[in-house]
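The values are calculated or read from the model by the stated rules, or taken from the named source; none is laboratory data. Every value quoted in this text rests on a predicted model; they were computed, and no experiment measured them. Neighbour counts run over all protein chains shown; Cβ positions are idealised from the backbone, glycine included. Remember, those area values only see protein heavy atoms, side chains included, never the ligands or the DNA or RNA. Shrake-Rupley method; radii C 1.70, N 1.55, O 1.52, S 1.80 Å.
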Amino acid sequence: MAQPNPANWRAADDYLAETLVGHDPALEAALGAQQEAGMPAIEVAPVSGKLLNLLVRISGARRVLEIGTLGGYSTIWMARAVGEAGRVVTIEAEPANGAVARASIDAAGVGERVEIRIGRAAEVLPSLEDDEPFDLVFIDADKESNTLYLDWAARLGHPGSVVVVDNIGRDGDIIDPASGDSKVVGTREGLEMLGRDPRFDATALQTVGAKGWDGVAIAVVV
Ligand code: DHB
Ligand code: MG
């Protein structure tokens, strides 16, 4: 049997994406535009984009909140899943990223369902308090703020809302108490909040694949 290593994790992820996700011109164009604009290639992998799409559909979510738009790749995956009457509100700190995402989301044909809010999420989130509650929240921004974002996810959600947190694996560093990496510390604090805070019931899965050794946490608001 092959020994697990990053090269065959990636090859297997490519196989899974080819077999189960397929090629998609609008999504591939979004990635091209993101790269062209010099943005980092830290979007979710295709298999994870499809997971988000499936979670929206399985949960019947109609209103989705995304924290961290980047180039709109995951936004498009979720916007397709909410249906014509659904809505995705996505928060992006960088105006230039938001402009690239806007164009890609519009080109994908789901622009009417997607509202991009430009600003630091910590400042934008309180402005959503008077909106209808969100059925699914995807947290994929600065990891240092994960506990803040989880608090808002509970406040802006309702019992039964789904919360997904990206990048919880961090190459296994989440169990290193000596890690001085603020992203590791923020990620671990978010996981511990999910375990301790009575507003959530959660689990997390480690993943290996195109993004190396990483993972995703999934919670329900109780
Ligand atoms: C980082 C952030 C992400 O959302 C991601 O998917 C991968 C890496 C980061 O900030 O390191
Ligand atoms: Mg991420």
Can you give me the number of residues within segment 48-59 that are over 10 Å from the mean Cα position of the chain (by Cα) and open to solvent by less than 40 Å² (accessible area, probe 1.4 Å)? 3
Here is a list: 87, 80. Which entry is open to solvent by 50 Å² or more (accessible area, probe 1.4 Å) and in contact with a strand residue (DSSP E or B) (Cβ under 9 Å, 6 or more places away or on another chain)? 87
Can you give me the number of residues within segment 154-175 that are of a type outside the set (A, V, I, L, M), more than 13 Å from ligand 1 (Cβ to nearest atom) and modelled with pLDDT of 95 or more? 6
Taking the conditions exactly as written (away from ligand 1 (no atom under 16 Å from the Cβ) and open to solvent by 60 Å² or more (accessible area, probe 1.4 Å)), does residue 120 satisfy them or not? no
Which of the residues spanning segment 35-52 are under 23 Å from residue 20 (Cβ atoms) and part of a helix (DSSP H, G or I)? 46, 47, 48, 49, 50, 51, 52
Go through segment 85-134 and give me each residue that's within 17 Å of the chain's Cα centre (by Cα) and among the acidic types (Asp, Glu). 92, 94, 115
Sole miss for residue 149 among (1) within 28 Å of residue 46 (Cβ to Cβ); (2) surrounded by fewer than 22 Cβ atoms within 10 Å (Cβ to Cβ); (3) within 14 Å of ligand 1 (Cβ to nearest atom); (4) not charged (D, E, K, R) is condition (2)
List the pairs whose first member sits in segment 165-183 and is in contact (Cβ under 8 Å) with a residue 12 or more places away in the chain, whose second member is β-branched (Val, Ile, Thr) and assigned to a loop (DSSP other than H, G, I, E, B), and whose Cβ atoms are under 9 Å apart, counting only residues at least 6 apart or on separate chains? 166/44; 167/42; 174/168
Tally the residues that are assigned to a loop (DSSP other than H, G, I, E, B), in contact with a Ser or Thr (Cβ under 9 Å, 6 or more places away or on another chain) and either touching a residue at least 60 places away in the same chain (Cβ under 8 Å) or away from ligand 1 (no atom under 16 Å from the Cβ) (or both), restricting the search to segment 53-86. 2
